[in-house]
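Here is the structure we will look at, set down as structure tokens.
The values are calculated or read from the model by the stated rules, or taken from the named source; none is laboratory data. Everything numeric here is computed off the predicted structure, so don't read it as measured data. Every residue, glycine among them, receives a Cβ derived from its backbone with ideal geometry; neighbour counts consider all protein chains shown.
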Amino acid sequence: MREIPPNLRGLLSEADLAEIAAHPITLGEGTERDAVDLVVGWAKHVEKIDTDRALPWEDHSVFNEHDLAAALHIRDFLERALGELNASVRERLAVWVAVVDEHFRSFTVDDPDRRMGAVADVDLTCRPWWWRRVPIDGPIAEDLTR
């Protein structure tokens, strides 16, 4: 069995986890992930992007604007996966998603220039709020100004 973060495990019963596992979504080329995998991936990306803000742009370990685009795609997949769940399970999992979303909002700002659309080569017209946020500072912010 995969490892579930303790703060997430406290929100979900074994029956909830079984419900989630029964509703994976296809990401492409036969790769499937369920909502737990995706929320954990979103949380890890958000944490890495935030942590990297304290590092210099020249550090080769930091995420760049393309890694941010990957994180935003994960958040899209997560939203799709949430839509596959029954309402009660979705609501419980959404509690943790909201915590991660708020963490993301806490170190990002609105991007009226819609730079992530250009980076990811996507039309932002119908994209959710997370596509219109960029880190306020750090290596990704530097990438986006260069």
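Some notes on this structure:
- With respect to the conditions (1) outside any helix (DSSP H, G or I); (2) modelled with pLDDT of 95 or more, Ala69 falls short on a single one, namely (1).
- Selected residue (criterion: surrounded by the most Cβ atoms within 10 Å (Cβ to Cβ)) from residues of the range 3-19 that are within 20 Å of Ala87 (Cα to Cα), without any contact (Cβ under 8 Å) to a residue 60 or more places away in the chain and of a type in the set (A, V, I, L, M): Leu17
- Condition check for Ala94: within 15 Å of the chain's Cα centre (by Cα) and loosely packed, with under 13 Cβ neighbours inside 10 Å: no
- All told, Asp137 falls short of being in a loop (DSSP other than H, G, I, E, B), without any contact (Cβ under 8 Å) to a residue 12 or more places away in the chain and either touching a strand residue (DSSP E or B) at 6+ places or on another chain (Cβ under 6 Å) or surrounded by fewer than 16 Cβ atoms within 10 Å (Cβ to Cβ) (or both).
- Qualifying residue in the range 26-41 (condition: touching an Asp or Glu at 6+ places or on another chain (Cβ under 6 Å) and farther than 30 Å from Gly138 by Cα): yes
- Qualifying residue in the range 74-93 (condition: part of a helix (DSSP H, G or I), under 13 Å from Val134 (Cα atoms), out of contact with any Gly (no Cβ under 6 Å at 6 or more places or on another chain) and free of Cβ contacts under 8 Å to residues at least 60 places away in the same chain): no
- Index of the failed condition, Val40 passing every other in (1) surrounded by fewer than 20 Cβ atoms within 10 Å (Cβ to Cβ); (2) in contact with a helix residue (DSSP H, G or I) (Cβ under 8 Å, 6 or more places away or on another chain): (1)
- Pairs are defined by a Cβ separation below 8 Å, a sequence spacing of at least 6 or placement on different chains, a first member in the range 99-110 that is closer than 15 Å to Pro128 by Cα, and a second member that is surrounded by 13 or more Cβ atoms within 10 Å (Cβ to Cβ) and of a type in the set (Phe, Trp, Tyr); the pairs so defined are Asp101/Trp130; Phe104/Trp130.
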